[in-house]
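What follows is one structure encoded as structure tokens, with my remarks underneath.
The values are calculated or read from the model by the stated rules, or taken from the named source; none is laboratory data. The shown structure was predicted, so the numbers you read here are calculated from the model rather than taken from an experiment. All Cβ positions, glycine included, derive from the backbone under ideal geometry; neighbour counts span all protein chains shown.
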Amino acid sequence: MPITIKHATPEDAECVAKLIAHLLTELSDGGPIEGLSTYTSICRDLLSGKGRYCALLARDGDDRPVGVLTLSECAAVYALGMFGEISEFYVAPDFRSAGLGQRLLDCAADYGRTRRWSRLEVCAPDLPRWARSVQFYEANGFSNVGPRLKKLLL
């Protein structure tokens, strides 16, 4: 079945939000999907911006959303200027290990090159639980430089 990948528009916000909700459910060990209307509203706002946030949306031959990769534009001296951060990345279970994740990463790299980003970064998932994810990133040219910490402001 053919897969198409396109840049999501604000009209795709609900599809993007649903895929991100599935990602968050999976990361929380199957907890309920909450806040879909909030996620949709936030996606719509972010996708309406001036290129600082981008979502790559994959659809199967029946036009069902089956994968998403979101990117945020960041800046840092260590990165020699602008770079991209993969914020959310999800492929539906039935489409994993079929090359869709790699295709999404390739599209993200192509987008970053057009924006003249020096690199792509992604938060390293917990090991050993997400070892397969880390191996996937490493197989696609990423190197492990450590986890991230966060401090909530709102």
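General observations
- Failed item, numbered, when Ser143 is tested on (1) part of a loop (DSSP other than H, G, I, E, B); (2) under 24 Å from Asp29 (Cα atoms): (2)
- Condition check for Thr70 on (1) part of a helix (DSSP H, G or I); (2) crowded, with 16+ Cβ neighbours inside 10 Å: one failure, at (1).
- Taken as a whole, segment 21-44 holds at least one residue that is of a type in the set (Lys, Arg), surrounded by 14 or more Cβ atoms within 10 Å (Cβ to Cβ) and in contact with a Pro (Cβ under 6 Å, 6 or more places away or on another chain).
- Filter pass, Ala55 being touching a residue at least 12 places away in the same chain (Cβ under 8 Å), surrounded by 19 or more Cβ atoms within 10 Å (Cβ to Cβ) and in contact with a Ser or Thr (Cβ under 8 Å, 6 or more places away or on another chain): yes
Quick grid of which residues meet (1) touching a helix residue (DSSP H, G or I) at 6+ places or on another chain (Cβ under 6 Å); (2) among the acidic types (Asp, Glu); (3) closer than 20 Å to Arg148 by Cα; (4) touching a residue at least 12 places away in the same chain (Cβ under 8 Å):
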| residue | (1), (2), (3), (4) |
| --- | --- |
| Leu69 | yes, no, yes, yes |
| Glu85 | no, yes, yes, yes |
| Pro93 | no, no, no, no |
| Gly101 | no, no, no, yes |
| Asp106 | no, yes, no, no |
| Arg119 | no, no, yes, yes |
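A quick yes/no check of all residues on (1) at pLDDT below 90; (2) surrounded by 12 or more Cβ atoms within 10 Å (Cβ to Cβ):
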position	(1), (2)
Tyr78	no, no
Glu85	no, yes
Asp94	no, no
Cys107	no, yes
Gly112	no, yes
Trp117	no, yes
Leu120	no, yes
Ala124	yes, yes
Gln135	yes, no
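- Flag for Thr9 being touching a Gly at 6+ places or on another chain (Cβ under 8 Å) and of a type in the set (S, T, N, Q): no
- Lone qualifier among Tyr78, Tyr53 - being more than 27 Å from Ser97 (Cα to Cα) and of a type in the set (Phe, Trp, Tyr): Tyr78
- Hits in segment 1-14 (condition: modelled with pLDDT of 95 or more and either within 17 Å of Asp94 (Cα to Cα) or assigned to a loop (DSSP other than H, G, I, E, B) (or both)): Ile3, Thr4, Ile5, Ala8, Thr9
- Taking the numbered list (1) within 15 Å of Ser87 (Cα to Cα); (2) free of Cβ contacts under 8 Å to residues at least 60 places away in the same chain; (3) assigned to a helix (DSSP H, G or I) in turn, Asp45 passes all entries but (1).
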